[in-house]
Amino acid sequence: AKANAEKNLQNTKALFESELNAVFSQKGDGWVERKLKSLTTKIGSGATPRGGEESYKATGVSLIRSLNVHDYGFKYQKLAYLDDSQAGELANVDLQPRDVLLNITGASVARCCIVPGDVLPARVNQHVSIIRPIAEILDSEYLHYLLISKPYKDRLLQTGAEGGSTRQAITKAQIQEFSIEYPATINDQKSIVSHLD
């Protein structure tokens, strides 16, 4: 029974990924292509507070690290916390509801999720980028699904490998210049999201 359940889970995931890739591998009617810099109000990453892990607190303002960001959801395990003073030093990377999080360095580069409301207030460290879509133009859930689809994930990974170093990294400038295709209307984007949901 356990083996069957695991096989069914794998089949379900494969079916979803197949549909996800199909949606984003071909442009539909009324779709447009633009760079992320023209579709967002913020693209940026944070920093690790002075003192590193030893300086984290048991409670306070959440500090989101790459280990919390996964394609199919946020992982709460090992979520770090900052006090008000540490959080104040990272005020420029204050998260807002519906922000899209993208890992930009290391083995987990290009993993992506939406920040859950229950971890706010929150900041990000230097390994995670905040992408904040302009709500009237680009739906956060749509952008999340797009970035985890194989066609776009492959492009992100290619972007990360272009630095020539052994460590994969995606820069702020590369995210700003990253082109995506999307339905021109928010309603059409939301309809794709509800289909994938």
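The values are calculated or read from the model by the stated rules, or taken from the named source; none is laboratory data. Predicted model only: the values in this text are computed from it and were never measured. Every residue, glycine as well, gets a Cβ built from its backbone with ideal geometry; the counts of neighbours run over all protein chains shown. Surface accessibility is based on the protein's heavy atoms, side chains included, excluding ligands, DNA and RNA. Shrake-Rupley method; radii C 1.70, N 1.55, O 1.52, S 1.80 Å.
The table that follows gives values for the structure above.
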read-out	value
Matching residues, the stretch 113-129, being buried (at least 24 other Cβ atoms within 10 Å of the Cβ) and within 10 Å of the chain's Cα centre (by Cα)	Val115, Val128, Ser129
Any hit, the stretch 87-106, residues being open to solvent by less than 20 Å² (accessible area, probe 1.4 Å), in a helix (DSSP H, G or I) and farther than 21 Å from Pro133 by Cβ	yes
Criterion (free of Cβ contacts under 8 Å to residues at least 24 places away in the same chain and more than 16 Å from Lys37 (Cβ to Cβ)) met by exactly one of Gln126, Gln158	Gln158
Candidate set from the stretch 2-46 (those that are at pLDDT 90 or above and either assigned to a loop (DSSP other than H, G, I, E, B) or in contact with a Cys (Cβ under 8 Å, 6 or more places away or on another chain) (or both)); member that is least open to solvent (accessible area, probe 1.4 Å)	Leu39
Options His127, His144; residue that is in contact with a Cys (Cβ under 7 Å, 6 or more places away or on another chain) and not aliphatic (A, V, I, L, M)	His144
Residue check for Val109: in a loop (DSSP other than H, G, I, E, B), among the β-branched types (Val, Ile, Thr) and surrounded by 15 or more Cβ atoms within 10 Å (Cβ to Cβ)	yes
Hits in the stretch 70-86 - residues which are free of Cβ contacts under 8 Å to residues at least 60 places away in the same chain and open to solvent by 80 Å² or more (accessible area, probe 1.4 Å)	Lys75, Tyr76, Gln77, Lys78, Asp84
